[in-house]
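Below: one structure, written as structure tokens.
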Amino acid sequence: MSELPPFQTLIDEHATDVMAVLRGAVGRGGAEDCFQETFLAALRAYPKLKDGRNLRGWLITIAHRKAIDHHRANGRAPLPVADLPEVAVTDPEPGGDVWAAVGALPPKQRAAVTLRFASDLPHAEIAAALGCSPEAARRSLHEGIKRLRKEIA
Amino acid sequence: MKASLQRLAERASKEGLLDVAYTTTDSPFGPLLLAKTRRGLVRVGLPSQDRDELLADLAGRVSPRVLEAPAGLDEVRRELDLYFAGKLDRFDLPLDWQLSHGFRQRVLRAIARIPYGQTRTYTEMATKAGNERAVRAAGSACGSNPIPLVVPCHRVLRTSGALGGYGGGLPMKEALLELENPEN
């Protein structure tokens, strides 16, 4: 027998937080779509969820994944350009794998990095979205960037 | 947020992710909880029963994919409203019997066929379910009825004519019998 609470409980208790995180991560325009995708993905996976102790954390993690998908879909769509610059690039931008690397970070670091660079949030707001102190947010961000540097280099 | 949640319930339903849809509705006795699966009405919670406990029970016994989705329960609500107004003497709703089994389910299916305004005894129900001596078990089947009102366990009395029991309390049982049979 399942110990999981009715899914509606998750909505009642965490929908507002999830929406706030998503507004922070992708802005108002994309938040609604990401919100739907987050809760549908959660609903799909819910009956098989092994550990029901940190449902808020679980939802926020899914929300971040959806936010990353959103940025990826928007940011990596090819832009038509008239003239291709013929300048040799010695220090290329990290490839498209950067978001994959972000996605592989531990949840706190991943969230901090997404909120900082995809959504351009200041530390205080990242802290608010993650429900931790600004110091802890800064630390997660720092650790995340350090790890990304290593991964991508 | 309300529109977002409504959209979510609709999409969940369309994508086959809504295993239990529920809503609450008013009745002359207090709020009722109505819950259905894709098969039909699976649970009616009486005012005396704790809403959170009912939902937790559905999550455990049917599926944790339990969502508040009033739209799917309009017909149930409509028929109940008519019933309480004395304007409906037979429910025409698909039922999901999965919360009762074996002898208990046979008793409940027999109860579902007791006509409006009539009563039967626990002994008669035990007999209909195939074991005339299991009167006490028939009584407990009534007591565990997951779909009261629609499966009218309030129409079952003791052989002596005494009311017996009712999940919603005896005054409610009495009032329902009175509603169905104002002459008596």
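The values are calculated or read from the model by the stated rules, or taken from the named source; none is laboratory data. No experiment lies behind these values; they were computed from the predicted model shown. Positions of Cβ are generated from backbone atoms using ideal geometry, with glycine treated the same way; all protein chains shown enter the neighbour counts.
Please indicate, with yes or no, whether at least one residue in the stretch B:41-54 is modelled with pLDDT of 95 or more, facing chain A (nearest Cβ under 9 Å), over 15 Å from the mean Cα position of the chain (by Cα) and not in a loop (DSSP other than H, G, I, E, B). Yes: one or more hits.
Residues in the stretch B:52-84 that are of a type in the set (Gly, Ala, Ser) and more than 21 Å from B:Asp26 (Cβ to Cβ): B:Ala56, B:Ala59, B:Gly60, B:Ser63.
The set of residues from the stretch B:55-95 being assigned to a loop (DSSP other than H, G, I, E, B), of a type in the set (D, E, K, R) and out of contact with any Pro (no Cβ under 9 Å at 6 or more places or on another chain) comprises B:Lys87, B:Asp92. The set of residues from the stretch B:40-69 being free of Cβ contacts under 8 Å to residues at least 40 places away in the same chain and hydrophobic (A, V, I, L, M, F, W, C) comprises B:Leu54, B:Leu55, B:Ala56, B:Leu58, B:Ala59. Looking at the stretch B:101-184, the helices (runs of 4 or more DSSP H) lying wholly inside it that each contain 3 or more residues that are aliphatic (A, V, I, L, M), at pLDDT 95 or above and within 17 Å of the chain's Cα centre (by Cα) sit at B:102-111, B:170-180.
Against the conditions (1) within 11 Å of another protein chain (Cβ to nearest Cβ); (2) over 26 Å from B:Leu177 (Cα atoms), B:Ala35 satisfies every one except (2). Just one residue in the set B:Tyr166, B:Tyr116 is over 21 Å from B:Asp96 (Cβ atoms) and buried (at least 21 other Cβ atoms within 10 Å of the Cβ); that residue is B:Tyr166. For the residues A:Ile62, A:Ile68, A:Ile11, the requirement of being modelled with pLDDT of 90 or more, buried (at least 17 other Cβ atoms within 10 Å of the Cβ) and more than 11 Å from chain B (Cβ to nearest Cβ) singles out A:Ile62.
Considering (1) in contact (Cβ under 8 Å) with a residue 60 or more places away in the chain; (2) under 15 Å from B:Thr24 (Cα atoms), the lone condition that B:Gly72 does not fulfil carries the number (1).
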